[in-house]
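Q: The structure that follows is given in the form of structure tokens.
The values are calculated or read from the model by the stated rules, or taken from the named source; none is laboratory data. Just so it is clear, the structure is predicted and the values come from calculations on it, not from any experiment. Don't worry about glycine lacking a Cβ; one is built from the backbone with ideal geometry, like all the others, and counts go over all protein chains shown. Calculation scope for accessible area: heavy atoms of the full protein, side chains included, ligands and nucleic acids excluded. Shrake-Rupley method; radii C 1.70, N 1.55, O 1.52, S 1.80 Å.
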Amino acid sequence: MVQGDNGGRYPRSPQILQRRLRERQPILRADPPINVSTLQHIPGTFDVLPDPTGSPGAFQAPAAAWRHVEGVVRELAARYGFEEIRTPVLEPTDLIARGAGATSDIVTKEMFAFEKGDTAYVLRPEVTAPVMRAYLEHRLDQRGGTQKLFYIGPCFRAERPQKGRYRQFHQFGTETLGASDPRADAECIAFMVAVYRTLGITNTRLRLNNLGDAEDRRAYRNALRAFLAPHAAELSETSRQRLETNPLRILDTKLDHERRLLEGAPLLPDYVGAEARAHFDEVKRLLSALDVAFEEDPALVRGLDYYNRTAFELESPDLGAQSALGGGGRYDGLAQAIGAAQPVPAVGFAAGLERLFLALDATGATLPAAPRPDVFLVALGDGMAARVFLLAERLRAEGLHATYDLRGASMKAQMREANRQGAPLVLIVAKDEDEAGVVGVKDMASGVQENVAHASLLDALHARLSS
Ligand code: AMP
């Protein structure tokens with residue numbers, strides 16, 4: 001044990017402990033934590049609990065609500081013919097750096113990246129590049145047809161945590177790979193909108209833009225740069241850098257004086273060629289035919305570099321500063337950006353589950369709570385704890401949610417626990433009655449208790465539960 005100067009019991013400082021970790025020395029029980037937050041979540045992450053406690057590290061929606069929302073996504077995905085794909089949380093840094101664009105905020109500021117041996121890893125900040133990697137690696141095109149995939153899973157970005165913005169958050173989304181048909185764009189938007197609609201979130205705004213094709217954007221980039229260059233001195237440090245690296249990002253600015261400056265700037269849609277224009281017109285026609293309302297926003301540019309043609313974002317005015325529920329678009333350039341020999345026409349979206357919950361909260365919807373047991377078994381008398389254990393297992397085999405108290409508590413305490421867990425029926429398993437072939441069934445709502453013969457117990461429980 002490393003000797004500190006606090007009586008020789010503890011390592012003196014967190015640094016000593018960190019060195020121990022680095023050098024793979026054992027951490028001893030007597031060691032103090034690296035810092036006081038060892039028993040706390042990392043800021044920007046949270047626990048999903050059976051019942052939320054309101055503490056800062058617990059997400060407001062209970063696990064049952066997550067299951068419900070994920071179930072809606074899965075059910076709708078099945079209806080739309082999106083198949084599930086699960087990719088690792090760890091990806092090669094190179095994939096993400098190429099996929100998300102070297103100048104994007106995600107790559108320059110927000111990656112949780114580390115090295116081990118001579119490999120550089122990143123905790124995925126998004127799922128599109130990983131899905132494209134999997135598609136190319138496993139030659140999914142050889143299954144034939146278009147690959148329509150969906151995912152649900154965690155993503156990681158080293159951002160400043162705030163409401164609606166986390167370091168570990170969860171995305172669901174789709175990727176339609178191998179399709180250049182505008183119906184693929186409209187279908188993925190329709191699916192995204194259907195998820196929110198199904199959950200009753202209708203106070204949303206869908207914005208669309210046409211980013212054109214690569215050469216259109218090159219021409220526009222030059223025009224925008226030429227327009228802004230004489231005003232370079234008036235731009236913020238960040239925007240001045242973006243003027244060199246990626247001037248389209250300046251359109252995202254939140255600074256008033258930059259917004260005013262941009263009022264006379266050239267507009268991207270004016271630089272879009274005939275083919276991309278026809279594609280976008282068809283997407284809009286299809287959405288209108290479905291009664292999906294949208295607004296065109298020529299300033300909508302995506303943070304990621306590989307998007308072309310259709311770009312969209314769904315917002316909720318109920319979310320405050322972090323108003324984006326989800327967004328996406330066409331990314332015909334991604335496959336080659338990450339090293340494929342041929343382009344793969346593709347379109348998809350990603351949406352944040354946490355923001356969906358915030359929007360759901362604003363609708364006043366009641367979220368499903370943790371499931372309650374059907375039956376709570378109370379043991380009364382010597383040896384009855386083991387009997388209750390066996391009986392509960394038999395009821396579970398018959399499909400009932402059965403539970404009991406594990407602390408060997410008194411009858412009163414067991415009844416209190418049954419109440420706390422909200423079981424509608426309590427089974428009182430008392431030694432004498434049980435030996436005589438009956439158990440007590442108490443209806444917690446009415447307080448009525450009846451003895452039921454073992455042979456008819458299951459029928460009696462089912463009858464009471466369905467009444
Ligand atoms: P993006 O890949 O940045 O377009 O993100 C897609 C969606 O994921 C956003 O519209 C948000 O709903 C969600 N999202 C992105 N970053 C975060 C974050 N740090 N915390 C919570 N949700 C996020």
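Q: Carbon-plus-sulfur fraction of the accessible area of the chain, 1.4 Å probe, in percent?
A: Working: 11980 of 23610 Å².
Roughly 51 percent of what the probe reaches on the chain is carbon or sulfur.
Q: Turning to a different aspect of this structure: With a 1.4 Å probe and all protein chains in place, put Ile250, Ile338 in order of accessible area, largest first. Write out the running numbers ahead of the final one.
A: Values: Ile250 0, Ile338 35 Å².
Reading off the accessible areas and sorting them downward yields Ile338, Ile250.
Q: For q = 0.11, 0.14 Å⁻¹, what log10 I(q)/I(0) does the stretch 269-398 give under the Debye formula with an equal point scatterer on each alpha carbon and no solvent?
A: Debye intensities relative to I(0), on a log10 scale: -0.63, -0.80.
Q: For the chain, with the dipole built from +1 on Lys and Arg beta-carbon atoms and -1 on Asp and Glu ones, taken about the Cα centre, which of Gly117, Phe294, Gly264 lies farthest toward the positive end?
A: Going by the charge dipole, the pick is Gly117.
Q: Give me the Kirkwood hydrodynamic radius of the stretch 163-245 in Å, from all C-alpha pairs, to one decimal place?
A: Details: mean 1/r = 0.0588 Å⁻¹.
By the Kirkwood definition, the hydrodynamic radius is 17.0 Å.
Q: Given the options Thr103, Gln40, Ala340, identify the residue whose Cα lies farthest towards the positive end of the charge dipole of the chain (+1 on Cβ of Lys, Arg; -1 on Cβ of Asp, Glu).
A: In the chain, that residue is Gln40.
Q: Nearest 20 debye, what's the magnitude of the dipole of the chain about its Cα centre given +1 on Lys and Arg Cβ and -1 on Asp and Glu Cβ?
A: Details: 56 positive and 61 negative charges, 235 e Å.
Roughly 1120 debye for the chain.
Q: Let me ask you something else. Per residue, what accessible area does the chain have, given a 1.4 Å probe and all protein chains present, in Å²? The partial results should precede the final answer.
A: Numbers: 23610 Å² over 467 residues.
I get 51 Å² per residue for this part.
Q: With all protein chains present and a 1.4 Å probe, how do Arg225, Arg217, Arg407, Arg67 order by accessible area, largest first?
A: Numbers: Arg225 70, Arg217 25, Arg407 170, Arg67 135 Å².
Per-residue accessible area, sorted high to low, gives Arg407, Arg67, Arg225, Arg217.
Q: Continuing with the same structure: Angle, helix 353-362 long axis vs. longest principal axis of the chain, Cα atoms, 0 to 90°, nearest 10?
A: Once rounded, the angle reads 80 degrees.
Q: Quick one: angle between helix 63-80 and the longest Cα principal axis of the chain, in degrees between 0 and 90, rounded to 10, please.
A: Here the helix axis deviates by roughly 60 degrees.
Q: Excluding Ala346 itself, what net charge comes from residues whose Cβ is under 9 Å from its Cβ, given Lys and Arg +1 and Asp and Glu -1? Please list the in-between numbers first.
A: Values: positive: Arg330; negative: Glu175, Asp332.
For residues surrounding Ala346, the net value is -1.
Q: Another question, if that's okay. How do the peptides 390-397, 152-159, 252-259 rank, highest first, by the average count of neighbouring beta carbon atoms within 10 Å per residue?
A: Working: 390-397: 14.8, 152-159: 17.8, 252-259: 13.1.
Highest mean packing first, the order is 152-159, 390-397, 252-259.
Q: Nearest 10 degrees, 0 to 90: what angle lies between the long axis of helix 274-289 and the longest principal axis of the chain (Cα atoms)?
A: 40 degrees
Q: Counting helices only, and only those DSSP H runs with n ≥ 4, report the 222 nm mean residue ellipticity of the chain as the sum of -39,500 (n - 2.57) divided by its residues, in deg cm²/dmol to the nearest 500. Don't skip to the answer; put the middle values down first.
A: Numbers: 16 runs with 168 residues, N = 467.
So the helix-based figure for the chain works out to -10500 deg cm²/dmol.
Q: Another question about this same structure. How much accessible area does Thr366 have with a 1.4 Å probe, in Å² rounded to the nearest 10?
A: So the heavy atoms of Thr366 present about 130 Å² to solvent.
Q: On to the next question. Under 37 °C and 0.692 mPa s, how fast does the chain diffuse according to Stokes-Einstein, given a Kirkwood radius computed over C-alpha pairs? Answer in µm²/s, whole number.
A: Values: Rh = 26.5 Å.
Rounded, D is 124 µm²/s.
Q: Sticking with this structure for a sec: Run the count for the chain, please: Lys pairs, Cα-Cα under 25 angstrom, 8 or more apart or on different chains. Kindly include the intermediate steps, with their values, before the conclusion.
A: On the way: Lys109/Lys163; Lys109/Lys254; Lys148/Lys284; Lys163/Lys254; Lys412/Lys431; Lys412/Lys442; Lys431/Lys442.
For the chain, the number of qualifying lysine pairs is 7.
Q: What net charge do the residues around Arg133 carry, taking every other residue with its C-beta under 14 Å from that of Arg133, with Lys and Arg at +1 and Asp and Glu at -1? Numbers along the way, then the final one.
A: Values: positive: Arg86, Arg98, Arg124, Arg139; negative: Glu91, Asp94, Glu126, Glu137, Asp141, Glu175.
Spelling it out: positives minus negatives among the neighbours equals -2.
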